[in-house]
Amino acid sequence: MTNSEFQAVVLAAGRGTRLPEVLGDAPKCLLPVGPYPLIWYPLNMLSRHNFTEVIVVVQEQDKLEIQVALEHTQLKVKIDYATVPSDSDFGTADSLRYIYDKIKSDFLVVSCDIVTNVSLYPLINKFRADDASLALLLFKSGFESDVIMPGPKTKHKPERDMIGIHPATQRLAFVFAASDCEDTLNIQRHLLKNKGQLDVYGRLLDAHIYVLKKWVINYLHRKEKISTFKGEFLPHLIRKQHARRSSKTVPDTTSDLGIATKHEDNILHYVTHTALDQKLTQTSLFNQSLSHVPYHGDVVRCFAVQAPKEAIGVRVNTTLSFLAINRKLSGIWTELCGDTHPLIAPGAVVKSTQTKDIIVADNAKLSEKTSLNCSVFGANCVVSPKNIVTNSIIMANAIVEEGCNINNCIIGHRAHVKTGSVLNNCLVGPNYVVEEGTKSQATQLSNADQYMEIDIQ
């Protein structure tokens, strides 16, 4: 596979609204996951699949910081940064519309928060074989289910999707949030007609990895009122699978409400389906038709591919999933990244001789006379002598002064823990200063007037 067949887009303009406990005003894509920023993982995944160029959508104010963070990571992809205005309230669909003129071919869209070792080739081959409009990847959920958050006890109720798939063909029937579903799930008759069995899943995770036809972004460019890809455009596109071309020779330009509409609002105006395309579909071994009409006449076709059960896959979009991937990373590192990427970055300074299962990012400085166990240290953090750090995450640019004991904690971005502090099972927010001699347990410390609600979705 080459870039001439597919382009790749990584969406990294999000602010991480579900991670306020640790992120602050830093870009979500720079969250420390092991020795690298979060965005490194989808970029490395694309590099493994022979992509040499990637479009990365970022906020204008974050571009320089992200460039600097990726400079020393030895990525083998050329990055074309596309910046969206920092003062805009852009959703993911808005971001794709913003780079509309950069998309020249079929393309992959990948979220910056995905960490996975799955092969994308089955997904791409499904897209090719069935001449799909869209193909998406699904993981089993529950990666973080055995991890307990530090801080005050809270009840974590994960958000789930309801996903309908025809198992014989892997056609998508619907995708919507489980919270939008009442006690009874009603299946419309047309979803079953001529298509056989329909399986409904409530514990699969949308990986936010999509393969799309070029015409899809042309259509999205027209739908200016759609702001988000997953929440709005994806269900919209799936519903459009049942659209049919009119038998009229003159296009119908009147809506159901009797309002004049433009021909360009019809999705079928964008779908390339020539007489040759029809012949190819009819003769293809992959048309998977259950009747004499391939795909039942559907020209918009959406498919789902499930990753193998043993595959690693997690979206780092909540504080709990952020904690889970960092806790488990050393045990799955070889499966995830192979042997070519060290867990202790070459630019890190580790003077301690008492370490076990630690992960250290670039420019972190870990002093002598420290005991460091089963912990992750972000870029540019500083740990002074005479400290004990166990089962914790010390995030980028955080400072830990002498004589502290930190156990099962997350120390947020640019936080400062002063001399002699003892923290057990605590969440320390971004930019927060833990005063000298503080002793806290199962507490969230932040600059907010009160404890922030931990939103785990």
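The values are calculated or read from the model by the stated rules, or taken from the named source; none is laboratory data. What you see is a predicted model, and the numbers here were worked out from it, not measured in a lab. Because the Cβ atoms are built from the backbone with ideal geometry, glycine has one as well, and the counts that use them run over all protein chains shown. Just the protein is used for accessible areas: all its heavy atoms, side chains included, with ligands, DNA and RNA removed. Shrake-Rupley method; radii C 1.70, N 1.55, O 1.52, S 1.80 Å.
A few remarks follow.
- Scan of the stretch 357-371 for residues that are under 30 Å from the mean Cα position of the chain (by Cα) and more than 17 Å from His72 (Cα to Cα), ordered by number: Asp357, Ile358
- First in the stretch 293-315 and over 29 Å from Ser141 (Cβ atoms), second anywhere and open to solvent by 30 Å² or more (accessible area, probe 1.4 Å), Cβ under 6 Å, 6 or more apart: Pro294/Gln282; His296/Asn194; Val299/His273
- Whichever residue in the stretch 42-87 is of a type in the set (Ser, Thr, Tyr) and farther than 19 Å from Arg15 by Cβ and, among such residues, is modelled with the lowest pLDDT: Thr73
- Those strands (runs of 3 or more DSSP E) lying entirely in the stretch 314-405 with at least 3 residues under 24 Å from Leu70 (Cβ atoms), at pLDDT below 95 and touching a Pro at 6+ places or on another chain (Cβ under 6 Å): none
- Scan of the stretch 148-168 for residues that are open to solvent by 20 Å² or more (accessible area, probe 1.4 Å) and not basic (Lys, Arg), ordered by number: Ile148, Pro152, Thr154, His156, Pro158, Glu159, Asp161, Met162, Pro167, Ala168
To keep it simple, each residue is scored yes or no on (1) outside the structural domain of Cys29 (by the TED database); (2) in a strand (DSSP E or B); (3) within 19 Å of the chain's Cα centre (by Cα).
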{"position": "Ile66", "(1), (2), (3)": "no, no, yes"}
{"position": "Gln74", "(1), (2), (3)": "no, no, no"}
{"position": "Ile79", "(1), (2), (3)": "no, yes, yes"}
{"position": "Thr83", "(1), (2), (3)": "no, yes, yes"}
{"position": "Ser86", "(1), (2), (3)": "no, no, no"}
{"position": "Phe90", "(1), (2), (3)": "no, no, yes"}
{"position": "Asp94", "(1), (2), (3)": "no, no, yes"}
{"position": "Asp101", "(1), (2), (3)": "no, no, no"}
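- Taking (1) more than 27 Å from Asn317 (Cα to Cα); (2) part of a helix (DSSP H, G or I) in turn, Arg244 satisfies each apart from (2).
- Within the stretch 118-144, considering residues that are under 22 Å from Leu43 (Cβ atoms) and at pLDDT below 95, the one surrounded by the fewest Cβ atoms within 10 Å (Cβ to Cβ): Phe143
- Test: Arg327 is in contact (Cβ under 8 Å) with a residue 40 or more places away in the chain, within 25 Å of Gly14 (Cα to Cα), open to solvent by 50 Å² or more (accessible area, probe 1.4 Å) and of a type outside the set (Ser, Thr, Tyr): yes
- For the stretch 45-57, the set of residues classified as out of contact with any strand residue (DSSP E or B) (no Cβ under 6 Å at 6 or more places or on another chain) and either free of Cβ contacts under 8 Å to residues at least 24 places away in the same chain or within 25 Å of Asp25 (Cβ to Cβ) (or both) consists of Arg48 only.
- Tally of residues being under 12 Å from Glu21 (Cβ atoms) and among the small types (Gly, Ala, Ser) across the stretch 394-442: 3
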